[in-house]
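Worksheet for the structure shown next.
The values are calculated or read from the model by the stated rules, or taken from the named source; none is laboratory data. What you see is a predicted model; the values in this text were computed from it and never measured. Cβ atoms come from the backbone with ideal geometry, glycine included; neighbour counts cover every protein chain shown. With ligands, DNA and RNA removed, areas are computed over all heavy atoms of the protein, side chains included. Shrake-Rupley method; radii C 1.70, N 1.55, O 1.52, S 1.80 Å.
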Amino acid sequence: MSVRICGECTACCKSVALPEFNKATNEPCEHLREGCGIHETRPESCRAFQCAWLSKMTGFKDESMRPDRCGVVAAVGPTEHGRGVYFYSVWKGATDEDRIQSIMRIYNLRFPILLVSHTGNRGGLLKAGEA
Ligand code: SF4
Ligand code: SF4
């Protein structure tokens, strides 16, 4: 199976919080240029991060689902109801799209879902089976 690479996508460098640099959710990393400005020395959490598209998770197999194209960074992470799937909107309304809503419903059959708006506000946490 071919391995995916991020290419020119840098969506998670804005969407995902990075404690190492005191970076909040949906705030551009201070090292973000056209790509990572400190690529060789970037923190371990950046090296380890894999969004749903990079991991070819269910619903993210198509190239058009790369986060900078579909507007959503999805990633597995801890929630107050256990391991869940975060859906970060890269731009306003991205998680409202029908195809994203369908994917959310699939994951929510088994996992909690947490929505994060393009401004970084945490939306509702849906426990497994609530969508
Ligand atoms: S959002 Fe996914 S594809 Fe984009 S840079 Fe981050 S890990 Fe790579
Ligand atoms: S350090 Fe580099 S890879 Fe990590 S969030 Fe910042 S720009 Fe992205």
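Listing for the model above:
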read-out	value
The one condition in (1) of a type outside the set (A, V, I, L, M); (2) within 15 Å of Thr10 (Cα to Cα); (3) within 7 Å of ligand 2 (Cβ to nearest atom); (4) surrounded by fewer than 18 Cβ atoms within 10 Å (Cβ to Cβ) that Thr25 fails to fulfil	(3)
Among (1) open to solvent by 30 Å² or more (accessible area, probe 1.4 Å); (2) closer than 22 Å to Glu8 by Cα, the one test that Gly71 misses	(1)
Qualifying positions in the range 59-83 - over 16 Å from Thr25 (Cβ atoms) and either of a type in the set (Phe, Trp, Tyr) or within 16 Å of ligand 2 (Cβ to nearest atom) (or both)	Phe60, Arg66, Asp68
Some residue of the range 6-14 being basic (Lys, Arg) and under 11 Å from the mean Cα position of the chain (by Cα)	yes
Answer residue from the range 1-21, given it is among the aliphatic types (A, V, I, L, M) and more than 9 Å from ligand 1 (Cβ to nearest atom) and is most open to solvent (accessible area, probe 1.4 Å) among those	Met1
Residue in the range 9-18 that is more than 10 Å from ligand 2 (Cβ to nearest atom), in a loop (DSSP other than H, G, I, E, B) and polar (S, T, N, Q) present	no
So Leu32, is it at pLDDT 95 or above, within 13 Å of ligand 1 (Cβ to nearest atom), surrounded by fewer than 16 Cβ atoms within 10 Å (Cβ to Cβ) and on the phi < 0 side of the Ramachandran plot	yes
The range 110-123 residues that are within 16 Å of Lys14 (Cβ to Cβ), paired with ones that are part of a loop (DSSP other than H, G, I, E, B) and open to solvent by 70 Å² or more (accessible area, probe 1.4 Å) (beta carbon under 6 Å, 6 or more apart)	His118/Trp91; His118/Lys92
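Matching residues to (1) aromatic (Phe, Trp, Tyr); (2) away from ligand 2 (no atom under 16 Å from the Cβ); (3) more than 15 Å from the chain's Cα centre (by Cα):
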position: Gly35; (1), (2), (3): no, no, yes
position: His39; (1), (2), (3): no, no, yes
position: Met57; (1), (2), (3): no, yes, no
position: Val85; (1), (2), (3): no, yes, no
position: Tyr88; (1), (2), (3): yes, no, no
position: Ile103; (1), (2), (3): no, yes, no
position: Ile106; (1), (2), (3): no, yes, yes
position: Ile113; (1), (2), (3): no, yes, no
